[in-house]
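First the structure, in the form of structure tokens, and then the observations on it.
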Amino acid sequence: MPKAEPLRIAVLGAGPIGLEAALYARALGYRIAVYERGEIAEHLQRWGHVKLFTPFAMNASPLGLHTLLCEKPTRIFPGENDILTGRQLRECYHLPLAESPQLLESIHTQTTVVHVGRSFGHKKSEDDSKRPFRLLVRDGTHRERIDMADVVLDCTGTFGNPNWIGDGNVLAVDEQSARPHIAHGIEDILAEKLEAYAGKSIVLIGDGYSAATTICQLATLAEQHPATWVIWLTRGPRGQPLP
């Protein structure tokens, strides 16, 4: 009997989940290709000034730590209970992991997966699950190609796909045209984005932890620049995380 070829796994996104998924797939003997439209752990870099709410031990896998120690036994990691910023976690763990021999040749940065579909089978009755995936891929020079995969793991996350402001995650009136002027995620208000916010009237929408983190920064900003005004809008009654 001919030996079956290992499955080809396409991982979309080279963030924390994508890197870990690719590493475990490689350890299991699968062929992997990781596609990242930006740089390694790009979203962590964007909110890199913010501290995580979980310790280092909860953001690094046993296989990841083992891989890095095998490559460099003298490598020093943060303490298990250390709370890092996104940028610190990226630099001490995700970047070295992406550069490890197990992953280095399989990661394609500045590469966008434009579309994912299935190959057409030779028979109409052929099981769709047995047909390989076709990926339309565009590299950093805007050249396009077709790559094939047996399994696709979407690890792109939600940071780059924020909710719409309207009720039911539907567009609010005129939101589409205003989209370029709406900041999403956690901005570095007290440093990199200081001039953009100081002395302005600001509307903050949301009641989650990102909103709570942002309102604390805006409060500090308003103390330093009294002309700054902030209106905080939430859909429900006042509650967690900041009553």
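The values are calculated or read from the model by the stated rules, or taken from the named source; none is laboratory data. This structure is a prediction, so every number in the text was calculated from the model and none was measured. All Cβ positions, even for glycine, are placed from backbone atoms using ideal geometry, and neighbour counts span all protein chains on display. Remember, those area values only see protein heavy atoms, side chains included, never the ligands or the DNA or RNA. Shrake-Rupley method; radii C 1.70, N 1.55, O 1.52, S 1.80 Å.
Some notes on this structure:
- Selection from segment 72-83 of residues that are closer than 15 Å to Leu95 by Cα and either in contact with a Pro (Cβ under 6 Å, 6 or more places away or on another chain) or open to solvent by 90 Å² or more (accessible area, probe 1.4 Å) (or both): Lys72, Ile76
- Count of segment 31-57 residues which are under 12 Å from His94 (Cβ atoms), open to solvent by 30 Å² or more (accessible area, probe 1.4 Å) and in a loop (DSSP other than H, G, I, E, B): 1
- Look at segment 156-170: where a residue is open to solvent by less than 100 Å² (accessible area, probe 1.4 Å) and a partner is among the β-branched types (Val, Ile, Thr) and assigned to a helix (DSSP H, G or I), sitting 6+ places away or on another chain with Cβ atoms under 8 Å, you get Gly157/Ile17.
- Of all the listed residues (Gly206, Gly168, Gly160), the sole one being among the small types (Gly, Ala, Ser) and out of contact with any helix residue (DSSP H, G or I) (no Cβ under 9 Å at 6 or more places or on another chain) is Gly168.
- Count of residues meeting criterion [assigned to a strand (DSSP E or B) and more than 19 Å from the chain's Cα centre (by Cα)] in segment 10-30: 0
- Among the conditions (1) in contact with a strand residue (DSSP E or B) (Cβ under 7 Å, 6 or more places away or on another chain); (2) closer than 19 Å to Asp150 by Cα, Lys51 misses just one, which is (2).
- Helices (runs of 4 or more DSSP H) lying entirely in segment 135-243 (those with 1 or more residues that are within 25 Å of Lys51 (Cα to Cα), modelled with pLDDT of 90 or more and under 24 Å from the mean Cα position of the chain (by Cα)): 209-224
- Count of segment 197-213 residues, restricted to those that are under 19 Å from Arg179 (Cβ atoms) and of a type outside the set (S, T, N, Q), is 8.
- Filter pass, Ala60 being open to solvent by less than 50 Å² (accessible area, probe 1.4 Å) and not in a helix (DSSP H, G or I): yes
- Of all the criteria given as (1) open to solvent by less than 50 Å² (accessible area, probe 1.4 Å); (2) touching a Phe, Trp or Tyr at 6+ places or on another chain (Cβ under 8 Å); (3) without any contact (Cβ under 8 Å) to a residue 60 or more places away in the chain, the one not satisfied by Gly13 is (3).
- Extreme residue, surrounded by the fewest Cβ atoms within 10 Å (Cβ to Cβ), among residues of segment 89-119 that are out of contact with any helix residue (DSSP H, G or I) (no Cβ under 9 Å at 6 or more places or on another chain) and in a helix (DSSP H, G or I): Glu105
- Which numbered condition Tyr93 misses (of (1) of a type outside the set (A, V, I, L, M, F, W, C); (2) at pLDDT below 95; (3) within 16 Å of Thr54 (Cβ to Cβ)): (2)
- For His142, the conditions (1) free of Cβ contacts under 8 Å to residues at least 24 places away in the same chain; (2) over 30 Å from Arg26 (Cβ atoms); (3) open to solvent by 40 Å² or more (accessible area, probe 1.4 Å) are fulfilled apart from (2).
- Ala60 vs. criteria touching a residue at least 60 places away in the same chain (Cβ under 8 Å) and more than 20 Å from Thr158 (Cβ to Cβ): no
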